[in-house]
Amino acid sequence: MELAGGEGLTDGAAAAACREGEPITQDYMLQQTMLRVKDPARSLEFYTGVLGMTLLQKIDFPSMRFTLYFLGYEDKSDVPMDVKERTAWTFSRRATIELTHNWGSESDASLSYHNGNGKPTGFGHIGVAVPDVYAACKVFERRGVKFLKKPEAGKMKDLAFIQDPDGYWIEILSPNNMVTLLSP
């Protein structure tokens, strides 16, 4: 592989590393990202009340002692009432968040989940696109959300990083600002 002075792949090498998917992959989509949560009430309040997502479906697994909460940016009136129809609909939505709550974790004071940004690193963050990063951050400040980076801080202006109740990082970005951020 051709690297640009230890800085990663060159544009040409990145393009050369990509392949056409098998024809069957034409209808594949990224459907969900799963995050483990300690206190589902706190997490649901954050993802719905702070980030404006909609709870699409809650699925309990009593024999295995966990619950899944699927959230996304969908109109509440579009969520089907019939459980079978809702299940098929939920799993057909793009880019949802699956919050997984293992029962009893909210009572375990010693439990915390690794967000992927400490050692060892791994998972980094999810991203939420908003029309106005600064307006969104004013709401986050008013709601007491923890900031890792405010939009005016650091080298990359006009984007922010916040944390959810379990410490997962969330990038707040405006699609229109991303062009400016990437310009030399």
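The values are calculated or read from the model by the stated rules, or taken from the named source; none is laboratory data. Since this is a predicted model, take the numbers as computed values, not measurements. Don't worry about glycine lacking a Cβ; one is built from the backbone with ideal geometry, like all the others, and counts go over all protein chains shown. Areas reflect the complete protein model, heavy atoms only, side chains present, ligands, DNA and RNA absent. Shrake-Rupley method; radii C 1.70, N 1.55, O 1.52, S 1.80 Å.
Accessible area of the chain with a 1.4 Å probe: how many percent of it is carbon plus sulfur? Summing carbon and sulfur atoms, their accessible area is 56 percent of the total for the chain.
Calculated [222 nm] ellipticity per residue, helices only, for the chain: -5500 deg cm²/dmol; basis is -39500 (n - 2.57) per DSSP H run with n ≥ 4, divided by all residues, nearest 500. Taking all protein chains into account, the per residue accessible area for the chain stands at 63 Å² (1.4 Å probe).
Mind running the shape call on segment 43-184? Use the C-alpha gyration tensor, a ≥ b ≥ c as the square roots of the eigenvalues: rounded below 1.5 for a/c, prolate if a/b tops b/c, oblate otherwise.
Here segment 43-184 falls in the oblate category.
Structure note, pairs Lys38/Lys84; Lys119/Lys157; Lys58/Lys150; Lys38/Lys58: Cα-Cα distances above 23 angstrom occur for Lys38/Lys84; Lys119/Lys157; Lys58/Lys150. If you run the Gaussian network model on the chain, springs between alpha carbon atoms under 10 Å, then out of Val83, Val145, Val130 the most flexible one is Val83. Among Pro23, Pro62, Pro131, the largest mean-square fluctuation in a Gaussian network model of the chain (Cα springs under 10 Å) belongs to Pro23. For the chain, which longest stretch is free of loop sites, where a loop site is one of the GluC sites (Glu not before Pro) that DSSP puts outside H, G, I, E and B and that has at most 15 other Cβ atoms within 10 Å? Within the chain, the longest run free of exposed GluC sites (Glu not before Pro) spans 21-151. Selection among Met29, Ala88, Asn115 by position relative to the dipole of the chain gives Asn115 as farthest towards the positive end (Cβ unit charges, Cα centre).
Note on the chain: GNM, Cα springs under 10 Å; of Ser107, Ser174, Ser43, the largest mean-square fluctuation is that of Ser107. Sorted largest first by accessible area at a 1.4 angstrom probe radius, with every protein chain in place, the residues Lys76, Lys157 fall in the order Lys76, Lys157. For the chain, a crude dipole built from +1 on the beta carbon of Lys and Arg and -1 on the beta carbon of Asp and Glu, taken about the Cα centre, is about 580 debye to the nearest 20. Using a probe of 1.4 Å on the protein chains alone, the accessible area found for Met178 is around 50 Å². Once all protein chains are placed together, His125 keeps about 80 Å² accessible to a 1.4 angstrom probe.
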